[in-house]
Amino acid sequence: MEIKKITVIGAGNMGHQIALCAALSGFEVKCTDTNPDILAKAIAFANNYLNERVTKGKLTEEEANKTKQNLAFVPTIQEAVVETDLVIEAIIEKLDVKRKLFADLDAMCPAHTILATNSSYIVSSKIADATNRPDKVCNMHFFNPALVMKLVEVVQGSHVSNETVDAVMNAAKKMNKTPVLLHKEIYGFLVNRLLQATRQEALKLLDMGVASFEDIDTAAKNGLGYPMGPFQLLDLTGIDLAYHVGMEKYKESGDAADRPSPTVVEKFTKGDFGKKAGKGFYDYE
Ligand code: NAI
């Protein structure tokens, strides 16, 4: 099955850029959001982005106009899913809300439509059984900012058909992305697991007093070619988030190794959440 028409549900951080990316690649795209302000912001962003690309000589006037024709921001899901081949859901990260949306989408979409979720952590098997088309429900995980980041993780849980995965992988390639395929569902997919492993080790080395956090960052950047050290990244994504993710994981597994490290607990308790708080491992005041 060749995907030509794409619907993006949710025009927030991720959705508006996924929609624009698809429109730039020649797909016919409709994007919707329950919040009219967010929708208005997404329209303004798309227009500004395309006009700027023309000014900078990165797009021709004709390409920008074609992209604008390809992309419609519409106020209701009903309008957004007419004749669609692929829905990419990018709404709030709450399982019950996603399940309700997928049940609605199942009732509204044509029978052939694939329903994909951009969720960072929720595997599609937790959502697929809210529909009557579990073989057509999968994860299609973009990275932030979606217009820039090349990677897309596609996850084939045991309920997902090969046809679905082939169609989604091809759509990602046509969007000029580099898709990778996971043959099994797993918490955190590939990137967030790799990130977690580096982060855990970096925190362990710091807690053991082996080196300063600055030198561990320097080692990651200059020895491994990472663009940013693990502590710089922790400051950027938020030490509070790292604390909550660790606590959730520990609650689920009961494994003490999953607990947030003593350093993370200390910084969390002090409110040193990272860049947004003006202080984390580094000082931003
Ligand atoms: P966001 O909060 O910026 O945007 C979500 C949007 O969905 C909001 O504008 C909201 O009004 C809208 N919405 C909520 N319920 C809706 C419904 N029933 N129908 C239509 N619109 C609805 O969230 P963000 O950051 O874009 O995340 C969306 C999804 O993408 C989440 O599942 C998240 O895990 C995933 N994700 C987020 C990344 C990030 O860096 N923020 C990276 C990769 C994936």
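For the reader, a short list of remarks on this structure follows.
- Computed over region 119-169, the ratio Rg/Rh where both radii use C-alpha atoms and Rh is Kirkwood: 1.00
- Rule-of-thumb Rg ratio for region 191-277 [Cα; 2.2 N^0.38 Å; N residues]: 1.04
- Per-peptide average of other Cβ atoms within 10 Å, ordering 50-58, 239-247 highest first: 239-247, 50-58
- Within a straight-line Cα-Cα reach of under 16 Å, Lys173 can be paired with the following lysines, leaving aside sequence neighbours fewer than 8 residues apart in one chain: Lys4, Lys5, Lys150.
- Taking the C-alpha atoms only, the angle from helix 239-253 to the longest principal axis of the chain is near 90 degrees.
- A 1.4 Å probe run over the protein chains yields, for region 98-137, 38 Å² of accessible area per residue, whole-number rounding.
- Within-13-Å neighbourhood charge of Leu147 [Cβ basis; K, R +1; D, E -1]: +3
- With contacts taken as Cα pairs under 8 Å at a separation of at least 6 residues, the chain carries a relative contact order of 13 percent.
- Approximate spin-label separation Asp255-Met1, in nm, with each point projected 7 Å along Cα-to-Cβ: 3.6
- Dipole magnitude (debye, nearest 20) for region 5-182, charges at Cβ of Lys, Arg, Asp, Glu: 400
- Largest first, the extents of the alpha carbon coordinates of region 125-209 on the three principal axes equal 53, 29, 18 Å.
- MRE, 222 nm, helices only [DSSP H, n ≥ 4, -39500 (n - 2.57), over the chain, to nearest 500]: -14500 deg cm²/dmol
- Per residue, region 186-285 exposes an accessible area of 59 Å² to a 1.4 Å probe, with every protein chain left in place.
- Stokes-Einstein diffusion coefficient of the chain, Kirkwood radius over Cα pairs, 4 °C, 1.567 mPa s, in µm²/s: 63
- Accessible area of the chain belonging to carbon and sulfur atoms, whole % at 1.4 Å probe: 54
- Charged neighbours of Lys100, selected by a Cβ distance under 12 Å, balance to -1 (K, R count +1; D, E count -1).
- Normalised contact order of region 191-277, rounded percent, pairs of Cα under 8 Å and 6 or more residues apart: 27
- Against the chain, whose longest principal axis is taken from its Cα atoms, helix 191-207 shows a tilt of about 10°.
- With respect to the chain, whose longest principal axis is taken over its alpha-carbon atoms, helix 15-24 is tilted by about 50°.
The values are calculated or read from the model by the stated rules, or taken from the named source; none is laboratory data. None of the values given here were measured: they were computed from a predicted structure. Quick reminder, even Gly has a Cβ in these numbers, built from the backbone with ideal geometry, and neighbours come from all protein chains shown. Protein only, heavy atoms only, side chains kept; ligands, DNA and RNA dropped before computing areas. Shrake-Rupley method; radii C 1.70, N 1.55, O 1.52, S 1.80 Å.
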